[in-house]
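Worksheet: the structure to be examined is printed underneath.
The values are calculated or read from the model by the stated rules, or taken from the named source; none is laboratory data. Bear in mind that the values here come from a model prediction, so they are computed numbers and not experimental data. Don't worry about glycine lacking a Cβ; one is built from the backbone with ideal geometry, like all the others, and counts go over all protein chains shown. Remember, those area values only see protein heavy atoms, side chains included, never the ligands or the DNA or RNA. Shrake-Rupley method; radii C 1.70, N 1.55, O 1.52, S 1.80 Å.
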Amino acid sequence: MKKFLALSTLSLAALTAASAVQAEELSVVGSWSSLPLYKQYEMPFWTETLSEVSGGDLTATMTTHDQMGIAGGDVFRMLSQGVFDVGMTVGDYAVADSAALEGLDVPLIATDAATAQKAVEAARPMVDDIYKDVFNAKVLAIAPYPPQVVFCNGEVSNLEGLKGKKVRASGRMTAKFLEALGAEGVNIGFGEVPGALQRGVVDCAVTGAGSGYNAGWWEVSTHLITLPLGGWDPVVTAINLDKWNSLSDAQKSTLESAIKEKFEAPAWQSAQGALANDIACLTGTGECTYGDAHDMTLVAANEEDLAKAKEVLISEVLPEWAERAGPEWAKRWNDSVGKVTGVELTLN
């Protein structure tokens, strides 16, 4: 009997050791550490939720690209090299490596979160292929920042007022869009914007309303144009393909279902009413539910501005992108994102 108990104890220890060996700790690099997407969704998911739903089979150590001191554009390049296992940042930061990726976040095709989510879901097969081929990575999730609006340090009353101004763009297509409107698109990192606005290096800057609130852009801006000129700045979460292939089928299934249900879905759901609250907090024109309200001047979008902006988008910006991305990607965009948003790109 003693011999049987000893063998049983050894067998249990062996099983426990084997389980411990199979458990995976992922090294994860998140998006901007100061913004709500990271604080409310990314960090809790990777540091708490994933371990809970997997029973400890999947855990993570986490930092962010700004805490590491690396540029947003380097996140997926470093991910492709296996420097870390999982990376997440704005898709627009990676368009230097793939012009086709610009089609994920097109200005003004979605003026509400529901439409933006449909557009992202339609673009997902294209994004999956880009990340596999360009970054040796598998896309796990795409979640939104708030709509990308315009902060100006100086008086502006409508879209026409941006003509001749230097405007920090949130992505390459947004920069092209601003230039088509007669503004000068300027490439400045998110963290450098407050100083640039204060010193007059730029007159205006595009970012999410909530991002601008949390980063204190209201301290160096006077006017807020609420037309979503910069799209929704989707944040892509991807895992190094070699790491993904090393996971067991059970771990893959757990990770995919958990990130969809516990991270991606809640992030999109909260985006539905985020803009109205962010505007209230920036302008004091409503109830601010998460902090002190400020007194920026609200420049509401009008029908004339919206019509002009969409005309420029369809006649100039999208055709220019299609030429750079190539006919195959342009057709795929037309057949997917174009169909769900009602925007048709004329193909040569």
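Conditions tested, residue by residue: (1) in contact (Cβ under 8 Å) with a residue 24 or more places away in the chain; (2) aliphatic (A, V, I, L, M); (3) surrounded by fewer than 19 Cβ atoms within 10 Å (Cβ to Cβ).
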site	(1), (2), (3)
W217	yes, no, no
L241	yes, yes, yes
I259	yes, yes, no
Q269	no, no, yes
T285	no, no, yes
T289	no, no, yes
N302	yes, no, yes
L306	yes, yes, yes
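Listed residues V202, V193, V206, V120; which is touching a strand residue (DSSP E or B) at 6+ places or on another chain (Cβ under 8 Å) and either part of a strand (DSSP E or B) or farther than 30 Å from M78 by Cβ (or both)?
Selected residue: V206, the only one of V202, V193, V206, V120 that is touching a strand residue (DSSP E or B) at 6+ places or on another chain (Cβ under 8 Å) and either part of a strand (DSSP E or B) or farther than 30 Å from M78 by Cβ (or both).
Screening G338 on (1) open to solvent by less than 40 Å² (accessible area, probe 1.4 Å); (2) within 26 Å of P146 (Cβ to Cβ); (3) out of contact with any Asp or Glu (no Cβ under 7 Å at 6 or more places or on another chain); (4) of a type outside the set (V, I, T) shows it passes everything except condition (3).
Within region 131-152, being more than 15 Å from G87 (Cα to Cα), of a type outside the set (D, E) and in a helix (DSSP H, G or I) holds for no residue. When T49, T63 are checked against the criterion of being out of contact with any Cys (no Cβ under 9 Å at 6 or more places or on another chain), part of a strand (DSSP E or B) and under 24 Å from W268 (Cα atoms), T63 stands alone in meeting it.
None of V236, V167 is open to solvent by less than 30 Å² (accessible area, probe 1.4 Å), of a type in the set (V, I, T) and free of Cβ contacts under 8 Å to residues at least 40 places away in the same chain except V167. Scanning region 101-123 for residues that are of a type in the set (D, E, K, R) and buried (at least 17 other Cβ atoms within 10 Å of the Cβ) gives E102, D105.
Screening A293 against (1) over 28 Å from L162 (Cα atoms); (2) open to solvent by less than 60 Å² (accessible area, probe 1.4 Å); (3) without any contact (Cβ under 8 Å) to a residue 40 or more places away in the chain leaves a single unmet condition, (1). Does at least one position in region 89-100 carry a residue that is touching a residue at least 12 places away in the same chain (Cβ under 8 Å), among the aromatic types (F, W, Y) and open to solvent by 40 Å² or more (accessible area, probe 1.4 Å)? Yes. Restricting attention to region 163-190, the residues that are in contact with a helix residue (DSSP H, G or I) (Cβ under 6 Å, 6 or more places away or on another chain), over 16 Å from L313 (Cα atoms) and either part of a helix (DSSP H, G or I) or of a type outside the set (D, E, K, R) (or both) add up to 2. In region 59-70, the residues that are touching a residue at least 60 places away in the same chain (Cβ under 8 Å) form Cβ pairs under 9 Å with partners that are of a type in the set (F, W, Y), at six or more places apart or across chains, as follows: D66/W32; D66/F190. All conditions in (1) farther than 19 Å from K260 by Cβ; (2) modelled with pLDDT under 95 hold for A116, with the sole exception of (1). Would region 129-138 turn up any residue that is out of contact with any strand residue (DSSP E or B) (no Cβ under 8 Å at 6 or more places or on another chain) and under 29 Å from Q269 (Cβ atoms)? Yes; the residues of region 129-138 include at least one that is out of contact with any strand residue (DSSP E or B) (no Cβ under 8 Å at 6 or more places or on another chain) and under 29 Å from Q269 (Cβ atoms).
Can you say whether E192 is at pLDDT 95 or above and of a type outside the set (K, R), as far as the supplied structure shows? Working first, answer last.
Details: at pLDDT 95 or above: no; of a type outside the set (K, R): yes.
When the stated conditions are applied, E192 does not pass them.
The condition (being among the charged types (D, E, K, R), assigned to a loop (DSSP other than H, G, I, E, B) and open to solvent by 20 Å² or more (accessible area, probe 1.4 Å)) is satisfied by just one residue among E155, E160: E155. Listed conditions (1) crowded, with 17+ Cβ neighbours inside 10 Å; (2) farther than 30 Å from E320 by Cβ are all met by T63, apart from (1).
Checking each residue in region 315-327 for being open to solvent by 60 Å² or more (accessible area, probe 1.4 Å) and either at pLDDT 95 or above or within 23 Å of the chain's Cα centre (by Cα) (or both) picks out only R324.
What are the residues in region 66-78 that are touching a helix residue (DSSP H, G or I) at 6+ places or on another chain (Cβ under 6 Å) and either outside any helix (DSSP H, G or I) or at pLDDT 95 or above (or both), if any?
Residues satisfying the conditions are V75, F76.
Checked against (1) at positive phi; (2) part of a helix (DSSP H, G or I), G56 meets all criteria but (2).
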